[in-house]
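Down below is the structure, laid out as structure tokens.
The values are calculated or read from the model by the stated rules, or taken from the named source; none is laboratory data. Fair warning: this is a prediction, and the values are worked out from it, not measured in the lab. Counting neighbours? That spans all protein chains shown, and the Cβs are built from the backbone with ideal geometry, glycine included.
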Amino acid sequence: MGLINWIKKKGLFFRLVPLGDPLMVALGFVIAFNIRYAGDIPLFNWEPFVIVLPWLCIGVVVLFAALGMYEQKFYSLTQVAGLCALGIIGVSLLTIALTFWFREFSFPRSVILIAFPLQVILVCLWRYAVWKLELLWVGRKKLLVVGPSYEAGQLAIDLSEENNGGWFWLDKIITPGELERLPESLAGADGVLVSPSLSREEKAVTLEVCLDAGKEVFVVPDMYDILLSRGRLTSIRDLPVVQVQDMGLNPLQACIKRGFDFGVALTGLIALWPLFIICAVAVKVSSPGPVIYKQKRVGLLGKNFYMYKFRTMVDGAEKHTGPVLSGGNDPRVTKVGYYMRGTRLDELPQLFNILRGDMSLVGPRPERPFFSTQYVDIIPDYARRYLVRPGLTGLAQIYGKYSTNPEDKLRYDLYYIRNYSFFLDLKIILRTLPIFLYFESAVKFPRERCDWLSTVTREEDKERSGSGFTL
């Protein structure tokens with residue numbers, strides 16, 4: 001049991017994945033060479049592969065890490081396949097670049113083409129085998145939640161329905177009034193989730209007990225935690241203090257970000273014009289009405305602007321209902337619109353918004369004024385997300401889901417604003433690419449999540465404090 005508990009804590013099997021990925025890529029090339037030359041590989045063609053192989057293995061790990069493929073979170077089989085396909089495309093381009101760099105032009109391009117499907121299959125099988133082996137040997141990690149019971153109850157629903165088969169399952173609940181039971185309750189737990197609803201004193205006690213017991217701790221941040229995340233240790237005379245800066249971008253950061261947005265948007269519009277025409281024709285043929293749909297959204301400093309999208313609903317969808325959030329199996333969505341939403345093609349016209357300066361490539365998603373006004377009244381610090389331009393993608397898009405509630409999306413947005421850097425933008429853009437392959441993540445939007453706002457306004461006795469956390 002001691003060995004199993006150590007493996008649970010260290011995630012030994014999962015740490016095998018970065019070792020196996022380069023091996024699977026190399027094996028794919030070996031098989032491709034044998035297929036291409038029927039087992040009789042000319043030395044002239046084989047030597048370039050041997051020369052670039054060490055650098056290729058390093059590049060595979062770096063590229064896969066940049067795509068988020070080494071994060072210990074649950075992916076469905078289709079998501080794993082999509083990530084692997086995108087990663088192997090990068091590997092193929094990297095192979096071509098390395099052979100060019102080393103002047104090894106005898107590396108056959110046909111081998112790269114043959115290796116591509118083999119490498120995707122091998123990497124998927126390797127990762128699936130490692131994941132299944134860890135789950136079979138040590139099982140999923142037991143998660144102890146410290147917080148109000150209604151939060152833990154919602155977490156139990158999320159883990160059982162949305163993350164079935166993932167790395168964690170809810171084991172125990174410790175409410176704020178039961179903190180004296182925490183030391184004895186930690187015995188069977190592998191990780192502890194700390195709610196932001198706890199007071200500062202309760203959080204301090206919880207963290208101290210958990211760290212003394214050697215348990216992995218996950219803290220859901222509130223605004224105070226996010227503000228301190230970039231605090232700089234300094235001193236006033238000999239007194240150690242943490243200096244907390246204002247949120248937002250400085251003039252240099254804003255200038256660099258705007259220049260990058262303009263360049264990428266202009267390049268995208270020029271490169272993707274055939275796709276724009278195909279989408280426009282598909283929308284026009286599928287249903288009567290305009291091709292482009294414009295909708296008022298809230299932008300930088302709370303100013304409204306019109307955001308452009310390819311129309312995915314029937315014309316006049318909200319004529320009689322007013323603003324209504326879209327849910328799963330929404331009858332207003334056209335057949336073409338269903339697929340355009342699933343592949344994010346309906347978002348392409350927002351490149352015009354980025355070019356004009358209404359939006360950025362990365363930032364909080366722009367909200368509609370009707371809902372934004374209510375969120376500002378209900379959710380503390382919601383207005384701070386308007387300190388930067390809204391974005392085509394963001395942290396909430398790569399780590400959250402369509403069903404993630406506005407409170408939790410706000411945490412991602414505020415963390416992004418607080419920790420902004422140009423390299424963080426590049427990381428988010430790179431992590432966004434696999435999302436285009438997850439068709440189901442765009443269309444499986446539970447209808448009951450659409451009632452979040454009305455539920456919050458109706459429920460007055462939720463014992464909320466701080467930022468009003470809901471799992």
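In summary, helices (runs of 4 or more DSSP H) completely within region 334-396 and bearing 1 or more residues that are over 27 Å from F260 (Cβ atoms) and touching a Lys or Arg at 6+ places or on another chain (Cβ under 9 Å) occur at 335-343, 369-378.
Results for (1) hydroxyl-bearing (S, T, Y); (2) surrounded by fewer than 18 Cβ atoms within 10 Å (Cβ to Cβ); (3) closer than 14 Å to A26 by Cα, shown as yes or no for each residue.
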residue: V52; (1), (2), (3): no, no, yes
residue: C84; (1), (2), (3): no, no, no
residue: I88; (1), (2), (3): no, no, yes
residue: V91; (1), (2), (3): no, no, yes
residue: W101; (1), (2), (3): no, yes, no
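Screening region 162-244 for strands (runs of 3 or more DSSP E) wholly inside it with 1 or more residues that are under 15 Å from L143 (Cα atoms) and over 28 Å from the mean Cα position of the chain (by Cα) returns the ranges 168-174. Exactly one residue out of R356, R311, R344 is at pLDDT 80 or above and within 23 Å of A254 (Cα to Cα), and it is R356. Considered as a group, the residues in region 393-428 that are of a type in the set (K, R) and under 21 Å from L252 (Cα atoms) include one that is surrounded by the fewest Cβ atoms within 10 Å (Cβ to Cβ), and that residue is K427.
When F305, F276 are screened for being in a helix (DSSP H, G or I) and more than 23 Å from the chain's Cα centre (by Cα), only F276 passes. Do we find that F64 is outside the structural domain of F423 (by TED's automatic domain parsing), modelled with pLDDT under 90 and touching an Asp or Glu at 6+ places or on another chain (Cβ under 9 Å) in this structure? Yes; evaluated as a whole, the condition is true for this residue.
Of note, S287 satisfies the criterion of being more than 29 Å from the chain's Cα centre (by Cα), surrounded by 15 or more Cβ atoms within 10 Å (Cβ to Cβ) and hydroxyl-bearing (S, T, Y). Looking across region 297-316, just one residue is within 18 Å of T373 (Cα to Cα) and hydroxyl-bearing (S, T, Y), and that is Y306. Within region 333-371, the set of residues being more than 15 Å from V283 (Cβ to Cβ) and among the aromatic types (F, W, Y) comprises F352, F370, F371. Considering every residue within region 314-327, establish whether at least one is within 23 Å of V281 (Cβ to Cβ), at pLDDT 85 or above and not charged (D, E, K, R). So far as region 314-327 goes, no, none of its residues is within 23 Å of V281 (Cβ to Cβ), at pLDDT 85 or above and not charged (D, E, K, R).
Of all residue pairs spaced 6 or more apart or on separate chains, none has beta-carbon atoms under 6 Å together with a first member in region 206-219 that is in contact (Cβ under 8 Å) with a residue 40 or more places away in the chain and outside the structural domain of V145 (by TED's automatic domain parsing) and a second member that is of a type in the set (D, E, K, R) and surrounded by 12 or more Cβ atoms within 10 Å (Cβ to Cβ). Can you say whether P274 is touching a strand residue (DSSP E or B) at 6+ places or on another chain (Cβ under 8 Å) and without any contact (Cβ under 8 Å) to a residue 60 or more places away in the chain, as far as the supplied structure shows? Taking the combined requirement at face value, the residue does not satisfy it. Residues of region 353-384 that are charged (D, E, K, R) and under 21 Å from Y308 (Cβ atoms): R356, D358, R365, E367, R368.
One residue stands out in region 397-409 among those that are assigned to a loop (DSSP other than H, G, I, E, B) and in contact (Cβ under 8 Å) with a residue 60 or more places away in the chain: the one that is nearest to E347 (Cα to Cα), namely K401.
Comparison of I112, I96, I89 shows that the only residue that is touching a Ser or Thr at 6+ places or on another chain (Cβ under 7 Å), part of a helix (DSSP H, G or I), of a type outside the set (D, E) and not assigned by TED's automatic domain parsing to the domain that holds L179 is I112. Screening L395, L387, L437 for residues that are at pLDDT below 80 and not small (G, A, S) leaves exactly one candidate, L437. Scanning region 36-56 for residues that are aliphatic (A, V, I, L, M) and free of Cβ contacts under 8 Å to residues at least 40 places away in the same chain yields A38, I41, L43, V50, L53. Selection of region 155-186 for residues being closer than 17 Å to V220 by Cβ, at pLDDT 65 or above and of a type in the set (S, T, N, Q) yields only T175.
The residues of region 377-396 that are touching a residue at least 12 places away in the same chain (Cβ under 8 Å) and farther than 16 Å from F422 by Cα, listed by number, are I378, I379, P380, D381, Y382, A383, R384, R385, Y386, L387, A396.
Filtered by the rule that a residue be surrounded by fewer than 19 Cβ atoms within 10 Å (Cβ to Cβ) and either among the hydroxyl-bearing types (S, T, Y) or not assigned by TED's automatic domain parsing to the domain that holds K172 (or both), region 186-205 gives a lone residue, S199.
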